[in-house]
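Inspection log for the structure reproduced underneath, given as structure tokens.
The values are calculated or read from the model by the stated rules, or taken from the named source; none is laboratory data. Model, not experiment: these values are computed from the prediction. Note that each Cβ is placed from the backbone with ideal geometry, even for glycine, and that neighbours are counted across all protein chains shown.
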Amino acid sequence: MVRAATIPRPREVEPQAEQRSLWRDALRRFLRNRLAVVSILVVLSLAVAAVFAGQIAPHDPSAQDCATGALRGSSADHLLGTDATCRDVLSRLIHGTRVSLSVGVLTAVAVFLVAVPIGALAALSTRLVDNLLMRFTDLTYAFPDLLMIILLSRVLADTAVPGGSVAIIILAISLVGWVTIARLVRAQMLLQREREYVQAAEAIGASRWRIAVTHLLPNSLGPVIVAVTFVVPQAIFAEAALSFIGIGVTPPQATWGGMVEAGYAAVYSVPMLVVYPAAAIAITMMAFTFIGDGLRDALDPRAVRGF
Amino acid sequence: MTLFLSRWYLGVAVLLAAVGVVALAACDGGGGGDVSDDLAADQSVRIWLDGEPDSIDPSIAAFATSVTVSKNVFATLLRFDPDTGEAVPYVASEVPSRENGGISDDGLTYTFELREDAVWEDGQPIQAQDFVYAIQRLLDPRVASQYGNYYYSMIIEGGADLAAAVDADEATIQQLREAMRVRAVDDRTLEVTITQPSTTFNLLMALWPTAALRQDVIEQHGDIANSAWTEAGNLVASGPFRLAEWNHGSSIVLERNPNFWDEEMTPVLDSVVFQIIEDENTALSAYRAGDLDAVQVPATDLRRIAADDSYSDELQRVPLAVTTAFGFNHTRSPFDQVEARKAFCQSVDRATLVNEVQQGAGVPVTSWLPPSLDPFFDADRGQDIAFDPESALQLVLEPGSSRAAYPPVKFSYANVDPNGTRVEFMQGQWTEHLGVDVQPDPLDPPAFEEAFFTGNFDLAFIGFGEDYHHPENWLALWAGGMMPGGYSNPEFDQAVEEAMNETDPGEAVELWQEAERILIDEDVAVCPLFVHENVWLVKEYVRDFVMTGADAHAGDFFYWKTAILEH
Amino acid sequence: MTGYVLRRLLWLAPVLFFVTLITFVLMHLVPGGPWDTNNRPMSPQLREQLESKYGLDDPVWQQFLTYSWNALQGDLGVSFQYQDRSVTEIIREGMEVSAVLGLMALAFALLVGVTLGVVAAVKQNSLIDYASVFLSTFAASTPSFVLGILLIVVFAVQLGWLPVFGWEKVWWLFPNWKQAILPTVTLGALPAAYVARITRASVLEVLQQDYVRTARAKGLHERLVLGRHVLKNAVVPILTVSGPIAASLVTGSFIVETVFAIPGLGKQFVAAVFQRDYGMIMGTTIFYAVVIAMANLVVDMMYVAVNPRIRY
């Protein structure tokens, strides 16, 4: 009888863990992507600005400095000038980080929380349920997004939704945005179901529930997380577009989208008023986009690197 | 590392380039080019229009853009003298009065004699029957005319009965139409009987809803309520211009009416082209690029343009008879107390609002009647509601009332530009001067209308634009508790009643001023803020673009006078 | 295949029904009615007259049935806002503009996006790659009205090369080409950026495949490799996204149509919702639902043409 200790170990096998964690690998790959790391730092500093806005901003974002006046250029007291109602632009920009980041991140979270269960349910249940759910997504898909958002925000505006108009915007955007993610979740899970390791698990006798939770779901989530990360910039962008259309966060709350829209009205006299918030939006969007790219490259070892 | 950095350099470069380009936008100048005194060969003016008219059918038209076109294409019995605001003859050869027998002794019957030479675009004479049909249609319940109901249903004898016959069958409606006291004595004579003597009925007959209508044309393209008769090609004009083209959502082209019958008002222009552009910036860009001849200056741009010498020959401005104010809900706390109303009114810095937020466009006022309503306007009106933050704070802190006692108040407004900016400004003023928490409540226009007219608001941002130049137009609507917000004061009602019945002009001035005094000084029923101003840029080669305070759209009283000079 | 198409078309019916129902319900739940009285008081009598004229005095369920019955017969009613015009007419006129602009923007997006994406993928990690990455990400991060005014100021006002606004038909449905350039670019910029990213990723993935290596090893000219093998296989993800992109472009963009004063359906639709023009809201929603469903169907059918392994 040969004792285990005397059998030489093959050289390629790592001496440490039996199970190479997908997530740890991913983290390592992610950290090697410099663009993504810088983007994370950018987002973190924005988050800090959002949390400590009250301390960082030189003025109260709603304070009207009538002595200086409206749409005045930059001065010592107002580094970026004043807006159309005599308020300090820099302070509003800093405070706007709060709303814009919340809209972006919370929409992504909401979409995730809605889409994953529905997509998973569709993938795992009977054909009938799957069909029904998919037709339901078709229905949501067939709705003109803007109509849904406008009508929803109007219907909800009358009721006292906690969080006010910001919450309403988040709700409205996520309600039209969850469909693609749900479809993706479903597609991914269906794909994973065909993989050998699942068949192996089934062969061993693992229950369907266990397979779903420990195998299918984690392995499907890679592309899903990436897609959800991209929802953040899309939501921030949507807030700006909605402000232009006239469905924004209620004043006097400072939001980048609202500032771009107000700046647009004054674009001939004070063009920089558009540039500041638009730049903020662009930088944030690009940061999240690069993070999403980094995540995708990190989570799928076969995916192409870069960009 | 270098590759990584180069991506960011590129990004920064792109951003800077964009900034540079946008900054380039600031470099512009107006004027330039020689303008001679001769008329150009191409007599066509391109004027900015801020939106598609809802309908140019006189019975239905309500938006300013609709009224502008309607006014220039259709003729009414009388029209307004833009300088004095009085009624002057148009299709009627004289303004009816007691002296010329046009008004009966009891003041109830008006007789209009029509001009012999007034004809429609297709040559048919404009007859009294055309006006009878117009007024009957205006009050016909199937048409559901807003202005018909508002101004005419009560004053015309039999009108109220007709307007009330909703869902009645055709025979009944026909009966009621004929029972209404509007008839054609003969082809050239129209007789109208009203329910009570009025000093303003002639003014009402100068408004666009009373324009003559061609029954045959309307019925050819539909029925009484739904007809395509206002499309270009279907419409038969009676005014100085005819409808040549209507590209929905895009442009409206009016051409000189070759059969127009009034010598004085025959247009010099061949055509007036209205370009429909909702976006202010695009409109200004079009003007700068030479694609438009006349455009309104956006409020946010006024300071820059007014300071720019190259625009000085092109800038035109005139105060309008439009008052912007905010209204109170008199049935809700705290605005059921006059002290609260006064405090809120006194704590808004109107001067800054006009000079900074609106960059000088407008005139701050503390009266409901506009300064142009001479001699009824009283310069001393509203002294007590002028900007005085200390006094306002005192009112709020009086024993029995404290800051905290005021519940959060909603300031409702229609969410169209530029209301939001003004509301936000005022909200900031109340926070600063009174410490009160006011929430802006932006609503879509129909939702705002509903909230306002059902009394579902605390504060409402409102405006009133004059339809005809008389204090009755401004003050009657506050009487009888009819105004949303629940303002009701029998003293005020009585003052209005007396003023309306007063025949002596001098006495009438006194009485109307007394009514306004009760409204504003005593009751602070509403808080007037400012009077609007039309500020436009008009190219130097456009001669006689005459803006008046009564315009629905800039210059629309005098399009027939406007001409293009060679340039 | 025909079976599949038929089944999809059959599904259209219940989808349309529910879309109509939900829109109808939501529309009536929203505060505010279709009457804009320009700040004049609305007397109860006027309200009665208006409700009678538009059939709003019937109970809501009855209104829904009446509307559905009429709609099935092709009568979508009149616009409440523009009282002399029928909804069908307004939609048709609006679509003639929006669809043309949308298709032009789609063509722009695909052309520019695919080109940029392929070039970036082929010359990976070069300056061109980074330039296109940044350009496309930047284009995707700028709100379209900002981009629009930028283009107007530079090309129309300062340089005077192009007109500022407008959309006139010169031949059939096609506009004056000068008027079409700026709106097309503005509308197509974001989709172009998106298509570029997808193309680049997809092409890069295909370039790694074995059969490409084989083709190169065989000595095939690079262009043939690209054209015959790479593109055909890379095109599936691009197709996937072009369906929804086409649908959203063709139905019109409120922002672009407002900034360039283009009388399209996108602008009309949003205005109708804000003004509570019930007739227009219902009619346009139904129309859009059909367009979106059709766009998806066309894309799914194109999958089969491109990749014969996909079966329905």
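So here's what we get for this one:
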quantity	calculated
Qualifying residue in region B:339-347 (condition: assigned to a loop (DSSP other than H, G, I, E, B) and in contact (Cβ under 8 Å) with a residue 12 or more places away in the chain)	yes
Test: residue in region B:140-153 that is without any contact (Cβ under 8 Å) to a residue 12 or more places away in the chain and part of a strand (DSSP E or B)	no
Qualifying residue in region B:28-42 (condition: modelled with pLDDT of 70 or more and of a type in the set (S, T, N, Q))	yes
The listed residue being of a type in the set (Val, Ile, Thr) and either more than 30 Å from residue C:254 (Cα to Cα) or part of a loop (DSSP other than H, G, I, E, B) (or both), out of C:91, C:128	C:128
Residue list for region A:223-236, restricted to those being surrounded by fewer than 23 Cβ atoms within 10 Å (Cβ to Cβ) and under 24 Å from residue B:415 (Cα atoms)	none
From the options C:212, C:273, residue that is out of contact with any Cys (no Cβ under 6 Å at 6 or more places or on another chain), within 14 Å of chain B (Cβ to nearest Cβ) and either under 28 Å from residue C:165 (Cα atoms) or β-branched (Val, Ile, Thr) (or both)	C:273
Residue in region C:250-261 that is at pLDDT below 90, facing another protein chain (nearest Cβ under 8 Å) and under 30 Å from residue B:417 (Cβ atoms) present	yes
From the options C:246, C:305, C:234, residue that is away from every other protein chain (no Cβ under 11 Å), out of contact with any strand residue (DSSP E or B) (no Cβ under 9 Å at 6 or more places or on another chain) and surrounded by fewer than 17 Cβ atoms within 10 Å (Cβ to Cβ)	C:305
Entirely in region C:236-306, the helices (runs of 4 or more DSSP H) that have 1 or more residues that are closer than 25 Å to residue C:60 by Cα	C:265-274, C:278-306
Region C:200-213 residues that are on the phi < 0 side of the Ramachandran plot and among the polar types (S, T, N, Q), paired with ones that are buried (at least 19 other Cβ atoms within 10 Å of the Cβ) and part of a helix (DSSP H, G or I) (beta carbon under 6 Å, 6 or more apart)	C:202/C:234
Scan of region C:89-109 for residues that are of a type outside the set (A, V, I, L, M, F, W, C) and either more than 19 Å from the chain's Cα centre (by Cα) or more than 14 Å from every other protein chain (Cβ to nearest Cβ) (or both), ordered by number	C:89
Pairs, first more than 7 Å from every other protein chain (Cβ to nearest Cβ) in region C:138-166, second surrounded by fewer than 22 Cβ atoms within 10 Å (Cβ to Cβ) and charged (D, E, K, R), C-beta under 7 Å, six or more apart	C:162/C:178
Helices (runs of 4 or more DSSP H) completely within region A:136-233 that count 3 or more residues being under 15 Å from the mean Cα position of the chain (by Cα)	A:164-193
Residue count for region A:70-85, restricted to those that are touching an Asp or Glu at 6+ places or on another chain (Cβ under 8 Å), acidic (Asp, Glu) and within 13 Å of chain B (Cβ to nearest Cβ)	0
Hits in region B:179-220 (condition: within 20 Å of residue B:70 (Cβ to Cβ) and surrounded by fewer than 16 Cβ atoms within 10 Å (Cβ to Cβ))	B:215, B:216, B:219, B:220
Within region B:358-372, considering residues that are of a type outside the set (Gly, Ala, Ser) and not in a strand (DSSP E or B), the one farthest from the chain's Cα centre (by Cα)	B:359
Single residue of region A:285-307 satisfying the filter (among the β-branched types (Val, Ile, Thr) and at pLDDT 85 or above) that is surrounded by the fewest Cβ atoms within 10 Å (Cβ to Cβ)	A:289
In region C:32-54, the residues that are free of Cβ contacts under 8 Å to residues at least 12 places away in the same chain and either within 19 Å of residue C:285 (Cα to Cα) or exposed (fewer than 13 other Cβ atoms within 10 Å of the Cβ) (or both)	C:44
Scope region A:217-238; condition within 14 Å of chain C (Cβ to nearest Cβ) and over 15 Å from residue C:140 (Cβ atoms); matching residues	A:223, A:226, A:227
Number of the condition not met by residue B:84 [criteria: (1) at pLDDT 90 or above; (2) more than 14 Å from every other protein chain (Cβ to nearest Cβ)]	(1)
Residue among A:69, A:73 that is among the small types (Gly, Ala, Ser), more than 28 Å from residue A:51 (Cα to Cα) and not in a helix (DSSP H, G or I)	A:69
Candidates A:278, A:282 - the one that is part of a helix (DSSP H, G or I), in contact with a Leu (Cβ under 8 Å, 6 or more places away or on another chain), crowded, with 24+ Cβ neighbours inside 10 Å and on the phi < 0 side of the Ramachandran plot	A:282
Qualifying residues in region C:37-79 (those that are assigned to a loop (DSSP other than H, G, I, E, B), of a type outside the set (D, E, K, R) and touching a Leu at 6+ places or on another chain (Cβ under 9 Å)) - the one farthest from the other protein chains (Cβ to nearest Cβ)	C:56
Counted residues, region B:135-144 - those being more than 8 Å from every other protein chain (Cβ to nearest Cβ) and not hydrophobic (A, V, I, L, M, F, W, C)	3
Test: residue in region B:290-306 that is free of Cβ contacts under 8 Å to residues at least 12 places away in the same chain and more than 30 Å from residue B:371 (Cα to Cα)	yes
Within region C:279-291, considering residues that are more than 9 Å from chain A (Cβ to nearest Cβ) and buried (at least 24 other Cβ atoms within 10 Å of the Cβ), the one nearest to residue C:9 (Cα to Cα)	C:283
Where a residue in region B:201-228 is within 16 Å of residue C:84 (Cβ to Cβ) and its partner, wherever it lies, is acidic (Asp, Glu) and in a helix (DSSP H, G or I), with Cβ under 8 Å and at least six apart	B:213/B:130; B:214/B:130; B:227/B:219
Failed item, numbered, when residue A:113 is tested on (1) crowded, with 22+ Cβ neighbours inside 10 Å; (2) free of Cβ contacts under 8 Å to residues at least 24 places away in the same chain; (3) closer than 23 Å to residue A:289 by Cβ	(1)
Matching entry among A:248, A:258 (being small (Gly, Ala, Ser), crowded, with 23+ Cβ neighbours inside 10 Å, within 11 Å of chain B (Cβ to nearest Cβ) and not in a helix (DSSP H, G or I))	A:248
